[in-house]
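For reference, the structure is listed below as structure tokens.
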Amino acid sequence: MQYFIDLVVVGLSIGLVYGLVALGISLIYSGLDIVHFAHGEIYMFGAFIGMVVAETLSLPFPVTIAITMILTGFLGMVIERVFYRRLTRAGGGYTFAGMGMIICGFGMSITLQNLANLIWGAKAKPFPVSFGMPFEIGSMVLPQSYLWIFGSAMILMIGLHLFLKKTRLGLAVRAVAHNKDIAYLMGINVPMTISITFGVACGMAAAAGVLVAPINYVQVLMGIGVLVKAFAAAVVGGFGNLPGAILGGLLVGVTESLGAGYISGSYKDIYAFMLLIIVLMVRPSGILGIDTRVKA
Amino acid sequence: MLEINNLEAGYGSVQILNGVTLNVAKTQIVALLGGNGTGKSTILKAISGLIKPTAGTITFNGERIDGKRPNQIVRRGLAQVTQSKEAYPGMTVEENLRVGGFVNNNRASIRRNLERVYDHFPILKERRQQLSGTLSGGQLQMLCIGRGLMSEPKMMLLDEPSAALAPQIVLDIFRIISRICREGMTLLIVEQNVRMALLLAQYGCVLKDGVIHIEGPAEDLIHDDNVRLSYLGGTVADRHGGQNLQQ
């Protein structure tokens with residue numbers, strides 16, 4: 001029984017990490033109508049930028065996370081403005097340009113990996129922070145990183161929710177996500193709002209990267225595996241649905257952990273995709289997803 | 001207030017407007033009429049900035065607005081009231097209205113504008129916290145008009161406000177629009193429902209083949225044989241017993 005609880009706790013925390021990346025993916029999809037295949041590399045860049053920030057500034061961990069989120073958010077906004085804007089403006093979704101956006105995403109993914117390689121090299125690097133002794137809950141002993149993951153993810157999710165529901169800018173993001181033309185007619189600066197939406201999504205992924213970095217090493221290829229799992233998480237929860245992204249992430253994380261613990265650890269990656277296949281067979285729109293119509 | 005000169009516009013290689021000239025004076029209500037596919041929504045899109053005209057000029061309050069971004073045009077006081085189906089279903093009534101008032105950063109004036117809209121449309125006040133997806137067609141149209149009012153515009157463009165609504169509801173809404181105009185609003189109303197539009201408007205223009213085909217004071221158009229035969233199938237006076245919307 002204790003083993004089960006251990007596995008679930010580990011699964012939930014890695015699930016929160018997947019969930020944050022999935023949140024970014026769903027946010028980008030609902031706001032910009034594009035499927036962002038380079039989001040795993042944003043997560044990776046977040047970890048690297050966080051590493052640099054931690055090395056040079058040595059600030060408390062939450063501040064490091066915040067600074068990294070802002071920096072990576074800006075990086076994301078630049079990428080969107082320079083590379084993606086023309087394609088999204090020409091039409092998203094099922095148009096030529098929309099399909100082109102998918103290929104652009106793959107290209108950006110490769111570019112960012114190689115960029116990171118050029119800057120930091122291919123070697124796995126440890127994250128320069130030490131949290132002290134693992135803490136005990138009941139009969140479980142967990143590294144403090146897990147505490148940070150749970151706490152930060154909670155704060156970020158609540159923060160995003162409040163941003164979207166309670167602020168004027170959040171209202172604009174929701175309006176643009178629903179229909180760009182109508183949002184324009186309401187006086188909203190749509191291109192700026194799109195950039196901000198993208199920046200927020202990248203900030204989320206960056207936070208995930210920084211939260212995971214102390215547990216694993218920081219390396220150039222860390223984004224690839226996470227991207228696919230985060231996509232699975234987003235789809236499981238309902239693509240474009242924000243609470244669904246978190247829910248999907250948690251489900252993927254727990255499924256993966258339980259699978260590795262009880263069935264076999266050698267094929268750990270399979271469990272997430274098995275879950276994805278089952279959900280798609282039973283409820284293709286995702287658990288919290290609704291039938292989406294192609295947006296105007 | 002709004003001057004359109006020789007406007008040409010279309011979508012890609014398809015030219016819809018072939019030189020439209022149209023003026024709306026301050027506090028005037030002008031109706032733009034025409035059947036399906038004649039270019040009414042194209043004109044609206046060109047005026048509000050969603051598409052760029054290929055030729056011609058659009059001037060608002062003395063300033064050229066053709067080619068400007070839609071959000072900049074709203075900031076200059078020209079708001080478009082969308083069709084009722086374009087309300088945001090996932091947001092409450094009040095949130096929808098707040099989106100309409102987005103150009104306003106001032107809490108006090110947003111509050112004031114909300115009260116003004118609720119004054120015109122008490123049913124919206126009743127349902128302010130309800131999701132707009134629960135509203136009826138007429139209430140949605142009121143919501144869209146309210147959304148337009150929130151940006152404190154000097155002029156409003158109405159996009160087929162009677163679409164998909166029962167005649168009595170259309171009359172009610174048009175009465176409220178008439179009241180709003182008496183407070184000093186300038187209006188360009190695009191309509192397929194020629195009868196209703198000419199009851200409300202002082203001046204009418206009929207769009208056909210991408211140009212203004214017939215135009216004139218509303219009373220003249222109502223009795224114009226061309227308009228009557230093409231669009232009305234009888235005179236307006238016959239059907240409504242001379243009902244007056246200017247109450």
Open item on the list: Run lengths n ≥ 4 of DSSP H only: what is the helix-derived mean residue ellipticity at 222 nm for the protein assembly as shown, with -39500 (n - 2.57) per run over all residues, to the nearest 500?
Closed with: -17500 deg cm²/dmol
- [ ] Treat the count of other C-beta atoms within 10 Å as a stand-in for reagent exposure and order B:Cys144, B:Cys181, A:Cys202 from fewest to most.
- [x] B:Cys181, B:Cys144, A:Cys202
TODO: Give me the angle, in degrees from 0 to 90, between the Cα long axis of helix A:2-32 and the longest principal axis of the Cα atoms of chain A, rounded to the nearest 10.
DONE: 20
Task: Inter-chain shielding of A:170-182 (mean C-beta neighbours from other protein chains, 10 Å cut-off) - done: 4
TODO: Using all C-alpha to C-alpha distances in the range A:37-190, build P(r) with 5 Å bins and read off the rounded percent in each one.
DONE: 2, 7, 11, 15, 16, 16, 13, 9, 6, 3, 1, 0
Task: Cα Rg, Dmax, chain A, angstrom units - done: 18.7, 59
- [ ] Using only the alpha-carbon atoms of the range B:88-152, report the extent along each of the three principal axes, biggest first, to the nearest angstrom.
- [x] 30, 22, 17
TODO: Apply the Karplus parameterisation 6.51 cos²θ - 1.76 cosθ + 1.60, with θ equal to phi minus 60°, to every residue of the range B:76-90 and state each ³J(HN,Hα) to the nearest whole Hz, in sequence, with x for glycine and proline.
DONE: 8, x, 10, 10, 9, 8, 6, 5, 4, 6, 8, 5, 7, x, x
Open item on the list: Taking amide H atoms as placed 1.01 Å from N in the peptide plane, list the residues 5 or more away in sequence, or in a different chain, whose amide H sits under 5 Å from that of B:Gln80.
Closed with: B:Leu157
- [ ] Please give the helix A:222-237 orientation as an angle from the longest Cα principal axis of chain A, in degrees from 0 to 90, rounded to the nearest 10.
- [x] 70
Task: For B:Ile16, residues with placed amide H under 5 Å, excluding near neighbours - done: B:Ala9, B:Gly10, B:Tyr11
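What is the Cα convex hull volume of the range A:205-296 when expressed per residue in Å³? Spell out each step's value before the answer.
Numbers: hull volume 10.9 nm³, N = 92.
That works out to 118 Å³ per residue.
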Task: Stokes-Einstein D in µm²/s, Kirkwood radius over Cα pairs - the range B:27-91 at 37 °C with 0.692 mPa s viscosity - done: 246
TODO: Taking 7 Å along the Cα-to-C-beta vector as the label spot, tell me the A:Ser266-A:Ile103 distance in nanometres, rounded to one decimal.
DONE: 4.0
TODO: Take the alpha-carbon positions of the range B:114-154, form their convex hull, and give its projected area averaged over all directions (one quarter of the hull surface) in nm².
DONE: 2.8
Open item on the list: Two decimals, Cα atoms only, Kirkwood Rh: what is Rg/Rh over the protein assembly as shown?
Closed with: 1.08
TODO: Give, rounded to the nearest 20 debye, the magnitude of the charge dipole that the protein assembly as shown has about its Cα centre when Lys and Arg contribute +1 at Cβ and Asp and Glu contribute -1 at Cβ.
DONE: 640
TODO: Calculate one ³J(HN,Hα) per residue across the range B:210-222 by plugging θ = phi - 60° into the Karplus curve 6.51 cos²θ - 1.76 cosθ + 1.60, and present them in order as whole Hz with x for glycine and proline.
DONE: x, 9, 7, 8, 9, 8, x, x, 4, 4, 5, 5, 4
TODO: Report, please, the projected area of the range A:27-122 averaged over directions, based on the convex hull of its C-alpha atoms, in nm².
DONE: 6.4
- [ ] Using a 10 Å cut-off on Cβ to Cβ distances, tally the other chain neighbours for every residue of A:186-194 and report the average as a whole number.
- [x] 6
Open item on the list: Among A:Asn189, B:Thr134, B:Gly10, which residue has its Cα furthest toward the positive end of the charge dipole of the protein assembly as shown, with +1 on Lys/Arg Cβ and -1 on Asp/Glu Cβ?
Closed with: A:Asn189
Task: Residue-by-residue Karplus 3J(HN,Hα) for the range A:126-141, coefficients 6.51, -1.76, 1.60, Hz, glycine and proline x - done: x, 8, x, 8, 10, 9, x, 6, x, 9, 10, 10, x, 9, 9, 10
Open item on the list: Largest first, please: the extent of the C-alpha atoms of the range B:1-139 along each principal axis, to the nearest Å.
Closed with: 46, 31, 26
- [ ] Place a +1 charge on the Cβ of each Lys and Arg in chain A and a -1 charge on the Cβ of each Asp and Glu, then give the dipole magnitude about the Cα centre in debye, rounded to the nearest 20.
- [x] 780
TODO: On a 0 to 90° scale, report how tilted helix A:242-258 is relative to the longest principal axis of chain A, with both axes built from alpha carbons and the result rounded to the nearest 10.
DONE: 30
- [ ] Considering only DSSP beta bridges where both residues belong to the protein assembly as shown, give the percentage that are antiparallel (nearest 5).
- [x] 60
Task: Test item: Cα-centred dipole of the range B:88-152, Lys/Arg +1 and Asp/Glu -1 on Cβ, debye - done: 120
Open item on the list: Cross-link candidates for B:Lys40: which lysines have Cα within less than 26 Å, leaving aside residues fewer than 8 places away along the same chain?
Closed with: A:Lys180, A:Lys295, B:Lys26, B:Lys52, B:Lys68, B:Lys85, B:Lys154, B:Lys208
Task: Compactness of the range A:178-247 as Cα Rg over 2.2 N^0.38 Å, two decimals - done: 1.41
Open item on the list: With every atom except the alpha carbons ignored, what do you get for Rg and Dmax of chain B, in angstroms?
Closed with: 17.6, 52
Open item on the list: Using +1 at the C-beta of Lys and Arg and -1 at the C-beta of Asp and Glu, which of A:Thr255, B:Val20, A:Asn114 has the Cα lying farthest in the positive direction of the dipole of the protein assembly as shown?
Closed with: A:Asn114
Task: For B:Ile212, distant residues with modelled amide H under 5 Å away - done: B:Thr21
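Can you pull a Stokes-Einstein diffusion coefficient for the range B:68-210 at 25 °C (0.890 mPa s), Rh from Kirkwood over Cα pairs, as a whole number of µm²/s?
Estimated via Stokes-Einstein, D reaches 159 µm²/s.
All of the numbers you see were taken from the coordinates with simple rules; none came from a lab. Please read these numbers as outputs of a predicted model, since none were measured by experiment. Glycine also receives a Cβ, built like all others from the backbone with ideal geometry; neighbour counts cover every protein chain displayed.
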